[in-house]
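Asker: The structure that follows is given in the form of C-alpha cells.
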Amino acid sequence: MDFIKSRHLFAFTLVELLVVITIIGVLFALMLPAVQSARSAARRMQCANHLKQIGLAIHNYENAKKYLPPSYSTNPNHSILTLLLPYSEQLQTYAKVDFTKHWSNQANYDAVRNTIPVFLCPQTPQGSPRNHDGRAIYPSDYAACSMIDPSVRNKLVRDGLITPRAPPNKSGGQGDVSQHKYYRSMIVPDKRALSENSNWGGPLSLDAVKDGLSNSWMFFEDSGRPFYYVENRRSGNPNDAPKNGVSGAAWADHEADFWVHNVCNDSQMMNCSNNNEIYSFHAGGANFLYGDGSVSFSSETIHPEVFVSLFTCSAGDIVSGGR
C-alpha cells in the first residue's frame, strides 16, 4: 500500500510579522541609548588621554626649562601648544616653525597648517581642519585658561557663592591681585605679553604651586572653536555669534588662551558657551588636567567655591573632594 506523505507549510501571518517587527524595534530602542552612552564614555576617556599627553609635555617642558610654559608669548606671537610641540612627539612640525615671525606669518604656513590629533577631543562634532568663513582652521580643543575675570569674581562674592581669596604672595600667588581682584591659574602669559606694572605674569615653576599639584587645575577644554556653541547647541542666530567666529581656534594662535568671564544659570562655571570659556561636548561636565598630570571629569554643577579653589594654585584655599 502506498502512503502519500503530506507536507505542512508553516508561515508567519501578517499579524505575527508585525508583532516581531515591533519587538525588534522596541529592543533596538532600548539598546540604542546604552550603545550611545558607551561610545560617549569611550570618547571621553580618549579625550582625557589627550589631556594627559599634553600634561606630560608640560612636565617635560618644565623639567627642561625649570619653569612652566607661558600660555602664550608675544614679539613674536606664539601659543603654548607651539612651545610644547617638541615634547608632544611633533618634532617635524616644530622644526618648521620660524620663531622670529608671528605664527600667522606666511613663513609659518607649513608648520601651523597641520592637524595635531592629540590637540583634538573626539567628542567634538567637527574634526580638523574646520572650515569657517572660507578659512581652513587647524584647531585645538584644549587651551590654557589664565584667570577668572574680575567681573565674575565680583558677582560670585556679591552673591555669596565664594569667599574672597588672600592677596598674592611674592611667588605670584593666585588670589586677589591689587584692586582688580584677579584669580589666576597655574599657566599664565609671558610677562612680556602683559604691562610692565602687572604683578601676575608668568611663568611659574611647579615648586611655586603652594596648594598642591593634585589640587590645582592646569589645562582646560574649550571645544568647538571657531564655531559658536551655547549650552551644547550651535547658535543659529548670526547676531549672537562673534563676527569672525570664536577667536583663538587654531592650535598655534596665541589668542587661544582665555579667561573665565561668564556664568550661566546663576552659578554654572562651565559649558555655558565656547566663546573663550571652559566648554566641552561631554554630557554634564568637562575634563580637567591637574598639575600632577592626572585628568579628572568635573560636573558642570560644581559649586563655585570648589571651582575657584581648584582653579587657583597658591591661594591657600585647598579643598577636599573636588574630583
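The values are calculated or read from the model by the stated rules, or taken from the named source; none is laboratory data. Since the model is a prediction, treat every value here as computed from it, not as a measurement. Backbone-built Cβ (ideal geometry, glycine too); neighbour counts: all protein chains shown. Remember, those area values only see protein heavy atoms, side chains included, never the ligands or the DNA or RNA. Shrake-Rupley method; radii C 1.70, N 1.55, O 1.52, S 1.80 Å.
Asker: Inspect all residues belonging to the stretch 251-269 and state whether any of them is among the hydroxyl-bearing types (S, T, Y) and within 20 Å of I187 (Cα to Cα). Spell out the reasoning first.
Answerer: At the first step, the residues of the stretch 251-269 found to be among the hydroxyl-bearing types (S, T, Y) are 267.
Subsequent filtering for residues that are within 20 Å of I187 (Cα to Cα) retains none.
Among the residues of the stretch 251-269, not one is among the hydroxyl-bearing types (S, T, Y) and within 20 Å of I187 (Cα to Cα), which makes the answer no.
Asker: When K101 is evaluated against the numbered criteria (1) open to solvent by 40 Å² or more (accessible area, probe 1.4 Å); (2) at pLDDT below 95; (3) among the charged types (D, E, K, R), which criterion, by number, is the only one it fails?
Answerer: K101 satisfies all of (1) open to solvent by 40 Å² or more (accessible area, probe 1.4 Å); (2) at pLDDT below 95; (3) among the charged types (D, E, K, R) except (2).
Asker: While we're on this one: Determine whether the stretch 275-293 contains at least one residue that is surrounded by 22 or more Cβ atoms within 10 Å (Cβ to Cβ), of a type in the set (S, T, Y), within 30 Å of P76 (Cα to Cα) and without any contact (Cβ under 8 Å) to a residue 60 or more places away in the chain.
Answerer: Yes, the stretch 275-293 has at least one match.
Asker: Continuing with the same structure: Go through the stretch 209-231 residue by residue and tally those that are open to solvent by 20 Å² or more (accessible area, probe 1.4 Å), among the hydrophobic types (A, V, I, L, M, F, W, C) and in contact with a Ser or Thr (Cβ under 7 Å, 6 or more places away or on another chain).
Answerer: Of the residues in that region, 1 qualify.
Asker: Just checking, which of P70, P117 is closer than 20 Å to H254 by Cα and at pLDDT below 95?
Answerer: Working: P117 fails: at pLDDT below 95.
Result: P70 is the single residue among P70, P117 that is closer than 20 Å to H254 by Cα and at pLDDT below 95.
Asker: Sticking with this structure for a sec: Tell me, which residue of the stretch 306-321 that is surrounded by fewer than 22 Cβ atoms within 10 Å (Cβ to Cβ) and closer than 17 Å to A286 by Cα is modelled with the highest pLDDT? Outline the logic, then answer.
Answerer: In the first step, residues of the stretch 306-321 are kept if they are surrounded by fewer than 22 Cβ atoms within 10 Å (Cβ to Cβ); the result is 306, 316, 318-321.
Next, only the ones that are closer than 17 Å to A286 by Cα stay: 306, 321.
Working: V306: 96, G321: 52.
Among those that are surrounded by fewer than 22 Cβ atoms within 10 Å (Cβ to Cβ) and closer than 17 Å to A286 by Cα, it is V306.
Asker: Residue by residue through the stretch 274-303, note down the ones that are outside any loop (DSSP other than H, G, I, E, B), more than 18 Å from S185 (Cα to Cα) and in contact with an Asp or Glu (Cβ under 7 Å, 6 or more places away or on another chain).
Answerer: The answer is G285, and nothing else.
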